[in-house]
Amino acid sequence: MKITRFLALFVVLAAALFFLSCGSRAPQQAQSPESVFNSATEAMVKGDDPGAITLYYRLVNDYPDFKMYRADILFRLGELLYKTERYDEAEKTFVIFAEKFGGDERLKAVYEKLINIYVQEFHDDARAQKIRDLYAQKFGGTPTLQAIDKTIKVLQSGDADADNILSMDASNVALVKWEKTQAADKDLFPVFNYINDDSKSPDGRFSVVKKKVKGRSCLFTGPSGGKPEKIPGSEDGAAPQWSWDSRFIAFTTRRWAGAERHIKIYDSASGRTAEIFRAKGIDPMLLISPDKESSKIIFSYNSRLWIINRNGNSLSLLDKALAAGGLSMTAWSKEGNAIIFSKNGADNVFYLCQLGRREIETIN
């Protein structure tokens, strides 16, 4: 009898253990939203951004009726998406937050993030301005708003100037302001130019190298690792520079018997070289514009910056006062509205130059 009772008790305990074991392997959706929220918060605190994003998304999608901490969930999700540069998703999340929680004190930070996304990532000036106006209406003229206005103005004018500068004739381009800085931002100026004897194209597929042929230095180009061919008209060539699309090579030549230097452009598509300008006092450094046509070349002539159309049919002095001789590095901004350069013997000193439309001079 005792054995029978013992066996019965054993069966009950075994069944209970089996039930608990099955319960521990229950589908994830059976987990309480509070538990998911706590796990998401723990992942975020530990720096596990992908894990936290997954859990916060789960709260948004799988628990639509879980209203507790909803503002926290959306805000944290938006912040994490923004931090990990998932801007499309961050924008959608922040918009939902702004619509549902207009009285939340974090709305200020959400508006600031949205403005950054619209201006810097989406280049959507209209939506950026709309959020800016909502920000001003709700929070007034804060220092942050002044910074926002400055950013919008610079980037908007930069885009407009870039569109105008790279499409208009070189004679209409001028240097409108400049300042010294201690660094060149690689994000804004992705292609640096130096005076080197060899250079790889931006796409990495081709190279140009300086070699001697019968006692004279010439430039050769071809696929990287392949057999290079001599560039026509490159005798005594120096400082070859690639266009951003890896099609053109700009370089200068100079016969040592004279002081005159020639600016030449090699077109890899046609295999031809064109001379676009020559004079005494030209630096070897050249700078090609970032537009699809590679339409402009900036160079130093008599220690001043000049700009010329790639076909050589128009030439203009950018600035009368700024000394720009002995260039060691040059770069054109990817937006096309600025250049930066440094000089030989001046480490960590860069000249940041804003380009714009030349003002028409009137004679009284």
Exercise. Cβ-Cβ below 8 Å, separation at least six or inter-chain, first residue in the stretch 181-199 and under 11 Å from SER333 (Cβ atoms) and without any contact (Cβ under 8 Å) to a residue 60 or more places away in the chain, second among the polar types (S, T, N, Q) and not in a strand (DSSP E or B): which pairs?
Worked result: none
For this session: Look through the stretch 275-321, keep the residues that are of a type in the set (Ser, Thr, Tyr) and farther than 17 Å from ARG254 by Cα, and return whichever of them is modelled with the lowest pLDDT.
Result: SER314
Problem set entry | Residues located in the stretch 298-322, provided they are farther than 21 Å from SER243 by Cα and in contact (Cβ under 8 Å) with a residue 12 or more places away in the chain | ASN302, SER303, ARG304, LEU317, ASP319, LYS320, LEU322
Exercise. Counting residues that are outside the structural domain of ASP72 (by TED's automatic domain parsing) and at pLDDT below 90, which helices (runs of 4 or more DSSP H) fully inside the stretch 94-187 reach at least 1?
Worked result: 143-165
Problem set entry | Number of positions in the stretch 320-346 that are over 26 Å from ALA274 (Cα atoms) and over 26 Å from the mean Cα position of the chain (by Cα) | 7
Problem set entry | Hey, LEU77 within 28 Å of the chain's Cα centre (by Cα), surrounded by 15 or more Cβ atoms within 10 Å (Cβ to Cβ), assigned to a helix (DSSP H, G or I) and in contact (Cβ under 8 Å) with a residue 24 or more places away in the chain or not | yes
For this session: Given the conditions (1) surrounded by fewer than 18 Cβ atoms within 10 Å (Cβ to Cβ); (2) at pLDDT below 95; (3) under 27 Å from SER217 (Cα atoms), report the number of the one that ARG272 does not fulfil.
Result: (2)
For this session: Name, by its number, the condition in (1) at pLDDT 90 or above; (2) closer than 22 Å to ILE131 by Cβ that does not hold for LYS83.
Result: (1)
For this session: Within the stretch 208-235, work out how many residues are of a type in the set (Gly, Ala, Ser), part of a loop (DSSP other than H, G, I, E, B), more than 27 Å from the chain's Cα centre (by Cα) and more than 17 Å from PRO284 (Cβ to Cβ).
Result: 3
Exercise. Any chance the stretch 91-109 includes a residue that's touching a residue at least 24 places away in the same chain (Cβ under 8 Å) and more than 30 Å from LEU145 (Cα to Cα)?
Worked result: no
For this session: Could you check LYS67 against (1) assigned to a helix (DSSP H, G or I); (2) surrounded by fewer than 16 Cβ atoms within 10 Å (Cβ to Cβ) and say which number it fails?
Result: (1)
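The values are calculated or read from the model by the stated rules, or taken from the named source; none is laboratory data. Computed from a prediction, not measured in an experiment: that's the story for all the values here. With ideal geometry, Cβ positions are generated from the backbone for all residues, glycine too; neighbour counts draw on all protein chains shown.
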